[in-house]
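Working notes for the structure below.
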Amino acid sequence: MYKVYGTRTNRGNRSFRVIWALEELGFDYKVVDTAPRSDAMFAVNPLGQAPSMQDGDHTLTDSLAILHYLTGKTGTLTHPQGTPARALVDARINFVLTEIEAPIWLLARHAFVLPEKDRAPGMRPIVEAEIARSEKRFAMLLAGNPYFAGDTFTIADVVAGHCLHWAESANIPLQSETVQSYLSSMRARPAWSRALGKDTA
Ligand SMILES: N[C@@H](CCC(=O)N[C@@H](CS)C(=O)NCC(=O)O)C(=O)O
């Protein structure tokens, strides 16, 4: 059984990506409720960051590395290395991490992660403008498809669904109807509800 160190909340915490993917893949797992930067988190991740995951004697860190590890077990939710389909999944993930996650993380760092003395004021309008721009580009890449990387659900959707939801949780309103409707379809997935510990519809 996999042990995820993090929390089931999807209000930003990246452990939700791992839990959601575990639910999509139908793996047995348990969540060990562990706060970032707690002693318990430092015990399983030298950076003290969530998430971390144990598979037997092995401890894995970084949400994306863990997603790739899990998909490597089944060959599902992504495509084989060395194929154009895989390159598309990876490109979409990189887009989300650099153009959506990075600005939201910057806002979070200067709101509550960094020590108060290191926080810069005035981040919110800058970040909102960045996200507005990224949303337009997201909608353009989605191009009317139900999924972000090709015609099936992949870990690119796990990362995208989580980050878009995170934006809303951080009170960054999503302005694109296309993006809103994509996010609704991700939230409607039974595995999303199960990942939150809710009954499935
Ligand atoms: N690239 C890492 C980032 C992990 C990360 O920054 N996690 C946040 C919680 S979502 C955290 O633990 N922050 C506390 C800190 O950086 O000190 C990943 O994707 O797992």
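Length gain on complete extension for the stretch PHE112 to THR152, per 0.36 nm per residue less the alpha carbon to alpha carbon distance?
This chain segment gains 10.8 nm when fully extended.
Would you mind calculating the relative contact order of the chain from Cα pairs under 8 angstrom and at least 6 residues apart, reporting the percent as a whole number?
Result for the chain is 23 percent.
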Legend entry - Interchain or long-range residues, amide H under 5 Å from VAL31's placed H: VAL4
Inset, instruction - Please build a GNM for the chain, connecting alpha carbons under 10 Å apart, and tell me which residue among PRO121, PRO103, PRO190 fluctuates the most. - result: PRO121
Inset, instruction - Average the reciprocal distances over every distinct pair of alpha-carbons in the chain, invert the result, and give the Kirkwood radius in Å. - result: 17.4
Legend entry - J(HN,Hα) series, the stretch 78-87, from Karplus relation 6.51 cos²θ - 1.76 cosθ + 1.60, nearest Hz, glycine and proline x: 7, 10, x, 4, x, 10, x, 5, 5, 4
Inset, instruction - Please name whichever of TYR29, ALA156, ILE104 sits farthest to the positive end of the charge dipole of the chain, dipole taken about the Cα centre and charges placed at Cβ: Lys and Arg +1, Asp and Glu -1. - result: ILE104
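Hey, what's the Cα Rg ratio for the stretch 1-78 versus the globular rule of thumb, 2.2 N^0.38 Å?
Here the Cα radius of gyration is 0.99 times the empirical estimate.
Given Cβ point charges of +1 (Lys, Arg) and -1 (Asp, Glu) and nothing else, what value in debye, to the nearest 20, does the dipole of the chain about its Cα centre take?
For the chain, the charge dipole is close to 180 debye.
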Inset, instruction - State the percent of C-alpha pairs, over all pairs in the stretch 84-191, separated by a distance greater than 25 angstrom. - result: 22
Inset, instruction - Indicate the gyration tensor shape class of the stretch 18-133 (rounded, prolate or oblate), computed on the Cα atoms with a ≥ b ≥ c the square roots of the eigenvalues: a/c under 1.5 is rounded; otherwise a/b larger than b/c is prolate and the rest oblate. - result: oblate
Inset, instruction - Filter the trypsin sites (Lys or Arg not before Pro) in the stretch 94-191 to those in DSSP coil with at most 12 other Cβ atoms within 10 Å of their Cβ, and list the result. - result: none
Inset, instruction - Considering Cα pairs under 8 angstrom that are at least six residues apart, work out the relative contact order of the stretch 2-77 and quote it in whole percent. - result: 32
Inset, instruction - Tell me, rounded to the nearest percent, the portion of alpha carbon pairs in the stretch 131-201 spaced more than 14 Å apart. - result: 59
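FYI, it's all coordinate maths here, none of it is from the lab. Keep in mind that what you see is a predicted model, and the values were worked out from it rather than measured. Ideal geometry is used to build each Cβ from the backbone, glycine not excepted, and the neighbour counts take in all protein chains shown.
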